[in-house]
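Written out below as structure tokens is the structure these notes cover.
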């Protein structure tokens, strides 16, 4: 028996919690570097502080994936995890911009970095089960639609979160000024609002989306199942480490091939998120690299939030068209062309001369971001056994965290020693990596893309 198709609004409600997660994640991406610099970090140190994000994700995601595969509660299979993650993330969001309050205990910069770690670990706890939930609930022919709707909601939440500090400053008169070692009120209020939105959005999914019981899951004939797959009860008896190692060894070929693309695209994204604010402040606003507390710098930071909102808005719109484009030219071609657009967008920032011109660059970045959030998961889901969906979605996160860790280690020294503290060149490097990722899509096997120009299957697992 195949899984029943869900209506558009069923899929929308199932993914609505991602709007809240991305609202908070966007606030973090657009403002974490500014907060850390407000608290005393130098520009070349930023990537080291940002390392806590992928490191926690690398540890947390496979663990959450494994246990959510084997968790059945009255609340559901995946829902307990993203509800718990949202609650803890909201606490971190309230505390990070208020790190200066804890200076009696330790330096505010360390408190801020610690809150960044708590926030990102919690976002990871919440995000991974959402990816698995789409694969749990939807039949194969609705998965591209499911991940695209998820991407639309991610875009909406990210736009709201990204532009919020700018809106509070320019429409509600909230102060953008801050004493040295403190964070502007506009950022503090934005994070508190973001924490509230996060909880409310997660609750929509919790109350609106039922999960299939173990008995129902057992009845579905999943297109990805192998006859020799272990039943869920057997999986529960295996120790976690043993199961993790065994599943890692049996990683599908498609996942390995996508790993190369993911490395390039997430290396690029991490560099953009970490260095975008200082790059724009230096390259567009002509501020020195040591200026991180002036009113002009914080205005530049607010404009970065707007730009991030623009690329997320483009992403949300483009995501609506992804299923149609994929039907016309295939998922791989859609993915590759989208990454090329992102690479061109990032490289073009170097040639822009005014803040408003950067909007053009963000269009390309938004196209790439939509495809990164949807296409690899739609391709990957077709190669994973349903009973292993959570653990493999968690393991797939390694191909997201490892490139970020790599960039986090070498990005700061490159900016300091090779780029002369000019962060703009970190963005150009990111664009080059994005284009390399687009080229590497060519070698990815997409086993259930019925719309690809050639549907002849390649070698198996």
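Which of the helices (runs of 4 or more DSSP H) found entirely inside region 181-268 contain at least 2 residues meeting this: modelled with pLDDT of 95 or more, within 30 Å of residue 33 (Cβ to Cβ) and under 22 Å from the mean Cα position of the chain (by Cα)?
Because the criterion is at least 2 residues that are modelled with pLDDT of 95 or more, within 30 Å of residue 33 (Cβ to Cβ) and under 22 Å from the mean Cα position of the chain (by Cα), the helices (runs of 4 or more DSSP H) in region 181-268 that meet it are 185-208.
For region 136-154, does any single residue satisfy the condition of being within 30 Å of residue 45 (Cα to Cα) and either in contact (Cβ under 8 Å) with a residue 12 or more places away in the chain or assigned to a helix (DSSP H, G or I) (or both)?
yes
Any residue at all in region 384-399 that's under 16 Å from residue 319 (Cβ atoms) and either touching a helix residue (DSSP H, G or I) at 6+ places or on another chain (Cβ under 8 Å) or surrounded by fewer than 24 Cβ atoms within 10 Å (Cβ to Cβ) (or both)?
No, that holds for no residue.
Evaluate the following for residue 356: is it without any contact (Cβ under 8 Å) to a residue 12 or more places away in the chain, part of a helix (DSSP H, G or I) and surrounded by fewer than 21 Cβ atoms within 10 Å (Cβ to Cβ)?
Taking the combined requirement at face value, the residue does not satisfy it.
Among (1) modelled with pLDDT of 90 or more; (2) under 19 Å from residue 270 (Cβ atoms); (3) under 22 Å from the mean Cα position of the chain (by Cα), which single condition is residue 418 missing?
Every listed condition holds for residue 418 apart from (3).
Yes/no per residue for (1) within 29 Å of residue 412 (Cβ to Cβ); (2) touching a strand residue (DSSP E or B) at 6+ places or on another chain (Cβ under 7 Å); (3) in a helix (DSSP H, G or I); (4) modelled with pLDDT of 80 or more:
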{"residue": "33", "(1), (2), (3), (4)": "yes, no, yes, yes"}
{"residue": "48", "(1), (2), (3), (4)": "yes, no, yes, yes"}
{"residue": "61", "(1), (2), (3), (4)": "yes, no, yes, no"}
{"residue": "65", "(1), (2), (3), (4)": "no, no, yes, no"}
{"residue": "68", "(1), (2), (3), (4)": "no, no, yes, no"}
{"residue": "84", "(1), (2), (3), (4)": "no, no, yes, yes"}
{"residue": "90", "(1), (2), (3), (4)": "no, no, yes, yes"}
{"residue": "95", "(1), (2), (3), (4)": "yes, no, yes, yes"}
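Among (1) over 25 Å from residue 47 (Cα atoms); (2) at pLDDT below 85; (3) touching a helix residue (DSSP H, G or I) at 6+ places or on another chain (Cβ under 7 Å); (4) in a helix (DSSP H, G or I), where does residue 111 come up short?
Residue 111 satisfies every listed condition except (1).
The values are calculated or read from the model by the stated rules, or taken from the named source; none is laboratory data. Just so you know, these numbers come straight off a predicted model, no measurement behind them. Methodologically, a virtual Cβ is constructed for each residue, glycine included, from the backbone with ideal geometry; neighbour enumeration extends over all protein chains shown.
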